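The structure appears right after this line, and notes come after that.
The values are calculated or read from the model by the stated rules, or taken from the named source; none is laboratory data. Only a predicted model underlies this, so the values are computations on that prediction, with no experimental measurement involved. Here the Cβ positions follow ideal geometry from the backbone for every residue, glycine too, while neighbour counts run over all protein chains shown.
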Amino acid sequence: MIALAAVVAFTVVTVAAGWLASRKPHRWFVDHSNERSLHDRPVSRAGGIAILAGMSAGLTTLAFIEAPMPGSGWILAGAIVIVSVSFADDLRRVSPIIRIVCHLAAGICVVLAGLSAEKIALPGTMLHPGPGAGTAFTILFVAWFVNLYNFMDGMDGLAGGMTVIGFTTLAVLCAGQGADGLAAASLVVTAASLGFLPFNFPPARIFMGDLGSTLLGYTCAVAMLWAERSAFVPLWISCLVFSPFIVDASVTLARRAIAGERPWHAHRDHFYQRLVRLGWGHRKTVVLEYGLMLACACSAVAVLRLPPGAQGTLLGMWVAAYVILMLRVARLEREAKA
């Protein structure tokens with residue numbers, strides 16, 4: 001029956017994305033290339049509609065099999081807020097202030113659903129931020145994930161691939177801990193993204209737009225918080241799964257802020273964008289990213305069973321690996337300019 005829900009999500013997305021990709025999009029849903037883009041031709045950004053339809057169909061099917069988790073009404077309310085403002089942004093562009101207010105409102109919905117981070121596990125220790133700090137952290141965490149997914153959806157196949165690998169890994173982690181409902185929901189999200197990926201893989205025939213990327217970012221944040229609460233999967237392990245997105249978006253944002261630039265403005269400064277501009281192309285870069293995602297996913301599954309000391313060592317190794325990778329990209333840029 002869980003497989004049925006996944007098949008429903010996959011089928012709906014495949015049919016909807018295929019239909020949307022084959023039709024001439026309305027002018028409001030055309031993503032034109034500009035100096036900040038990595039694509040050189042107009043592409044439809046209506047793919048988020050297909051992702052929304054598939055996830056809705058799959059999760060509704062799942063609701064007839066698995067009892068919804070407590071607070072699911074508030075989670076749905078947050079999703080509606082995200083979908084509404086993102087759909088409007090895809091159509092006519094919405095002020096960054098309005099968008100961030102809506103993202104924070106969605107975070108409040110997650111808190112009201114009972115998923116506030118009252119404690120945060122780290123290797124060998126446990127942080128107890130308290131109700132106020134825990135609530136603030138949860139709201140900001142949700143808002144940040146909504147935005148970082150949107151930031152990282154700037155190359156063909158990247159966000160879709162991260163979703164397939166990331167949510168499959170969450171399903172494995174949660175099933176091993178007895179959280180079958182969350183594992184099933186994660187597989188539905190995986191199936192929906194898998195149905196979209198062939199139309200978005202380089203060269204993309206359709207983009208997911210803000211609607212698709214922010215919806216997936218919100219769903220990811222909810223799943224990670226839910227996993228810590230119900231499956232005892234520490235938040236830092238879930239963050240390791242999605243660290244290719246977290247590190248790239250966070251470091252790039254910090255670099256732009258330090259340089260006095262407006263982080264929310266469109267740009268081509270992410271590490272994956274810099275590799276494409278160095279001549280790697282979309283396919284080579286996205287395959288490299290997939291390899292990094294799979295390595296993080298395997299590490300996350302393995303580290304859950306390790307003692308705290310080994311967990312801390314592995315986490316430190318990944319920090320060092322990311323530093324080396326970032327320095328390598330900077331070196332390639334210097335060599336290209338020489």
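Determine whether E333 is at negative phi and touching a residue at least 12 places away in the same chain (Cβ under 8 Å). Considered against the rule, which asks whether it is at negative phi and touching a residue at least 12 places away in the same chain (Cβ under 8 Å), E333 comes out as yes.
Report whether or not R27 is exposed (fewer than 15 other Cβ atoms within 10 Å of the Cβ) and either under 30 Å from E66 (Cβ atoms) or modelled with pLDDT of 70 or more (or both). I'd like the intermediate steps shown before the answer.
Working: exposed (fewer than 15 other Cβ atoms within 10 Å of the Cβ): yes; either under 30 Å from E66 (Cβ atoms) or modelled with pLDDT of 70 or more (or both): no.
No, not satisfied.
Note on segment 57-71: among residues that are assigned to a helix (DSSP H, G or I) and surrounded by fewer than 16 Cβ atoms within 10 Å (Cβ to Cβ), the one that is modelled with the highest pLDDT is T60.
Of all the criteria given as (1) aliphatic (A, V, I, L, M); (2) in a helix (DSSP H, G or I); (3) farther than 30 Å from R23 by Cα; (4) in contact (Cβ under 8 Å) with a residue 24 or more places away in the chain, the one not satisfied by V233 is (2).
Pairs are defined by a Cβ separation below 8 Å, a sequence spacing of at least 6 or placement on different chains, a first member in segment 8-31 that is of a type in the set (D, E), and a second member that is at pLDDT below 95 and in a helix (DSSP H, G or I); the pairs so defined are D31/G209. In segment 288-308, the residue that is surrounded by the most Cβ atoms within 10 Å (Cβ to Cβ) out of those that are outside any helix (DSSP H, G or I) and not basic (K, R) is L304.
Which one is modelled with the highest pLDDT, of the residues in segment 33-56 that are touching a strand residue (DSSP E or B) at 6+ places or on another chain (Cβ under 6 Å) and within 17 Å of G212 (Cα to Cα)?
Here is the first cut: in segment 33-56, the residues touching a strand residue (DSSP E or B) at 6+ places or on another chain (Cβ under 6 Å) are 42-45, 47.
Narrowing further to those that are within 17 Å of G212 (Cα to Cα): 43-45, 47.
Numbers: V43: 79, S44: 82, R45: 83, G47: 90.
Taking the candidates together, the pick is G47.
Can you name the residue in segment 118-165 that is more than 19 Å from the chain's Cα centre (by Cα) and assigned to a loop (DSSP other than H, G, I, E, B) and, of all such residues, is nearest to L240 (Cα to Cα)? If you could, list the steps in order and put the result at the bottom.
Of the residues in segment 118-165, the ones more than 19 Å from the chain's Cα centre (by Cα) are 118-136.
The next check asks that each one be assigned to a loop (DSSP other than H, G, I, E, B); those that pass are 118-119, 123-124, 128-129.
Working: E118: 20, K119: 18, P123: 13, G124: 16, H128: 21, P129: 21 Å.
Per the criteria, the residue is P123.
Contact map, segment 155-180: first residue at positive phi, second residue among the β-branched types (V, I, T), Cβ cut-off under 7 Å, separation 6 or more or different chains; pairs are G157/V286. For segment 263-287, filtered to residues that are touching a residue at least 40 places away in the same chain (Cβ under 8 Å) and part of a loop (DSSP other than H, G, I, E, B), the residue that is nearest to C174 (Cα to Cα) is H270.
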